[in-house]
Amino acid sequence: MWFHLKMPMSKFVALLRRYKKWLIGCAIVIMVLAVGLHLYCHATLLEGKEVVHIYLNDDDDIDTVYARLTPVASPRALSAYKTMARLTGYDKRIRPGHYEIAPGEGAFTVLRRMKNGVQTPVQLVVSPTWTVQMECGKLARQLQCDSADIAKLLTDNTWCRQHGYDTATIAAIFLPDSYEVWWNIKPEALIERMIKEHDAFWNADRRAKAQTLNLSPEQVTTLASIVDGETTNTAEKPIIAGLYYNRLQKDMLLQADPTVKFALRQFALRRIYNAMLRTESPYNTYVTKGLPPGPIRITTKDGIDAVLNMQRHHYLYMCAKEDFSGTHNFAATYAEHQANAARYVKALNERKIR
């Protein structure tokens with residue numbers, strides 16, 4: 001160093017002693033500034049004690065970010081956030097997505113996460129419903145993508161065939177459950193994720209059971225969708241599955257009321273009239289023999305397992321119980337069924353259900 005060459009050590013030590021107070025003062029000032037800067041940058045961003053969710057779209061800019069944060073952030077921490085956003089260039093490149101901010105997190109921590117695009121996944125709920133279009137609407141309300149963009153893929157026969165389905169059977173990929181996904185997931189990636197979950201559900205054991213029934217996984221799902229349409233009673237599902245399988249084996253029309261509702265697109269019907277049974281549709285099992293071209297509902301896992309583990313019996317007919325409990329009377333002969341149906345129609349008339 002220069003002082004080794006030009007200044008004796010004794011003089012250098014003396015110089016340090018002479019300016020000791022000044023050097024200590026500078027050090028204190030630097031430490032205070034450093035602490036102050038740290039506190040400024042790491043000031044707790046949120047004012048409240050609740051987790052805040054920030055959603056940023058592809059076309060959002062820094063003003064949108066500030067608008068999302070202003071109602072929930074403390075003014076001092078927000079000021080630090082803005083300063084750091086400007087200095088780091090975040091204000092020039094916004095990463096879309098879903099960001100979760102927890103109470104106690106500092107402005108610097110939040111900014112770094114948003115600048116790096118480190119999103120918090122969302123829990124996407126796939127729920128039972130009647131049509132693919134309805135399911136697309138439910139999914140889109142939980143995600144950034146538009147329902148029309150999801151539906152466009154599912155109604156594109158070429159795209160569906162590339163993934164092993166057609167526009168009728170593609171509904172089988174949706175299994176009601178909760179899935180962790182990115183909020184801004186693209187429609188193609190979303191459908192591919194659903195296919196991946198579907199393939200994982202259809203493990204070797206389930207595929208072997210389907211093969212024993214001489215049904216494909218899609219046919220099992222289609223039959224299960226009818227079972228789901230008939231009841232929400234889990235205990236009854238294996239019985240109903242066995243009934244419809246018996247009819248298939250005997251080459252009988254399935255004559256399942258839920259398929260009429262699907263064919264008519266009148267899902268709230270509480271009563272099916274004879275004229276409705278004649279509706280021309282490949283989905284109406286009163287006029288078309290065998291299974292429909294694809295599921296008539298987004299099918300539950302319970303419904304699928306009810307088919308794969310159906311109860312073996314001789315029932316061929318079923319009718320809702322006259323007590324409106326949501327359960328059914330089952331019959332092996334048409335005469336028994338007529339008696340059950342008469343009691344149910346009488347109960348409908350007494351309650352003036354049309």
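For region 216-254, enumerate the residues that are open to solvent by 10 Å² or more (accessible area, probe 1.4 Å) and without any contact (Cβ under 8 Å) to a residue 40 or more places away in the chain.
Within region 216-254, Ser216, Ala235, Gln249, Asp251, Leu253 meet the criteria.
This table checks each residue for (1) modelled with pLDDT of 95 or more; (2) on the phi > 0 side of the Ramachandran plot.
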residue: Lys92; (1), (2): no, no
residue: Gly104; (1), (2): no, yes
residue: Phe108; (1), (2): no, no
residue: Lys115; (1), (2): no, no
residue: Gln119; (1), (2): no, no
residue: Leu124; (1), (2): yes, no
residue: Trp130; (1), (2): no, no
residue: Asn157; (1), (2): no, no
residue: Gly164; (1), (2): no, yes
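Counting only residues that are in contact with an Asp or Glu (Cβ under 9 Å, 6 or more places away or on another chain) and more than 14 Å from Glu230 (Cα to Cα), how many does region 250-275 have? Working first, answer last.
We begin by selecting, within region 250-275, every residue in contact with an Asp or Glu (Cβ under 9 Å, 6 or more places away or on another chain); these are 256-258, 263, 269, 272.
Of the ones still in play, those that are also more than 14 Å from Glu230 (Cα to Cα) are 263.
Final tally of qualifying residues: 1.
Collect the residues in region 139-166 that are in contact (Cβ under 8 Å) with a residue 40 or more places away in the chain and buried (at least 17 other Cβ atoms within 10 Å of the Cβ), keeping them in residue-number order.
Leu139, Leu143, Gln144, Cys145, Ile150, Tyr165
Condition test on Ser10, is it open to solvent by 50 Å² or more (accessible area, probe 1.4 Å), part of a helix (DSSP H, G or I) and modelled with pLDDT of 85 or more? Quick ask: steps written out before the conclusion?
Values: open to solvent by 50 Å² or more (accessible area, probe 1.4 Å): yes; part of a helix (DSSP H, G or I): yes; modelled with pLDDT of 85 or more: no.
So Ser10 fails the test.
Checking the condition assigned to a loop (DSSP other than H, G, I, E, B) and farther than 28 Å from Ala172 by Cβ, which residue from Arg271, Arg312 passes? Give the steps one after another, and end with the answer.
On the way: Arg312 fails: farther than 28 Å from Ala172 by Cβ.
Just a single option satisfies the conditions, and that option is Arg271.
Return the residues of region 290-309 that are open to solvent by 30 Å² or more (accessible area, probe 1.4 Å) and either more than 23 Å from His328 (Cα to Cα) or assigned to a helix (DSSP H, G or I) (or both); say none if nothing qualifies. I'd like the intermediate steps shown before the answer.
At the first step, the residues of region 290-309 found to be open to solvent by 30 Å² or more (accessible area, probe 1.4 Å) are 291, 293, 297, 301-302, 305, 309.
Within region 290-309, Pro293, Lys301, Asp302, Asp305 qualify.
Name the residues in region 190-217 that are farther than 17 Å from Pro295 by Cα, assigned to a helix (DSSP H, G or I) and over 19 Å from the mean Cα position of the chain (by Cα), would you?
Of everything in region 190-217, those that are farther than 17 Å from Pro295 by Cα, assigned to a helix (DSSP H, G or I) and over 19 Å from the mean Cα position of the chain (by Cα) turn out to be Ala204, Asp205, Arg206, Arg207, Ala208, Lys209, Gln211, Thr212.
Under 8 Å between Cβ atoms, at least 6 apart or on separate chains: pull out the pairs that start in region 48-65 with a residue that is under 16 Å from Ile101 (Cα atoms) and surrounded by 11 or more Cβ atoms within 10 Å (Cβ to Cβ) and end on any residue that is at pLDDT 90 or above and of a type in the set (Lys, Arg).
Short answer, once both residue conditions are applied: Ile54/Arg68; Tyr55/Arg68; Leu56/Arg68; Leu56/Arg95.
Return the only residue of Asn184, Asn203 being out of contact with any helix residue (DSSP H, G or I) (no Cβ under 6 Å at 6 or more places or on another chain), of a type in the set (S, T, N, Q) and surrounded by 14 or more Cβ atoms within 10 Å (Cβ to Cβ).
On the way: Asn203 fails: surrounded by 14 or more Cβ atoms within 10 Å (Cβ to Cβ).
Asn184 is the lone residue from the list that is out of contact with any helix residue (DSSP H, G or I) (no Cβ under 6 Å at 6 or more places or on another chain), of a type in the set (S, T, N, Q) and surrounded by 14 or more Cβ atoms within 10 Å (Cβ to Cβ).
Which one is surrounded by the most Cβ atoms within 10 Å (Cβ to Cβ) among residues in region 67-109 that are in a loop (DSSP other than H, G, I, E, B) and hydrophobic (A, V, I, L, M, F, W, C)? Quick ask: steps written out before the conclusion?
Step one: of region 67-109, the residues in a loop (DSSP other than H, G, I, E, B) are 70-72, 74, 89, 93-96, 102-105.
Right, trim to hydrophobic (A, V, I, L, M, F, W, C) and you get 72, 94, 102.
On the way: Val72: 15, Ile94: 21, Ala102: 14.
Among those that are in a loop (DSSP other than H, G, I, E, B) and hydrophobic (A, V, I, L, M, F, W, C), it is Ile94.
The values are calculated or read from the model by the stated rules, or taken from the named source; none is laboratory data. It should be emphasised that the depicted structure is a prediction, and the values quoted were computed from it without experimental measurement. With ideal geometry, Cβ positions are generated from the backbone for all residues, glycine too; neighbour counts draw on all protein chains shown. Only protein heavy atoms, including side chains, enter the accessible area calculation; ligands, DNA and RNA are left aside. Shrake-Rupley method; radii C 1.70, N 1.55, O 1.52, S 1.80 Å.
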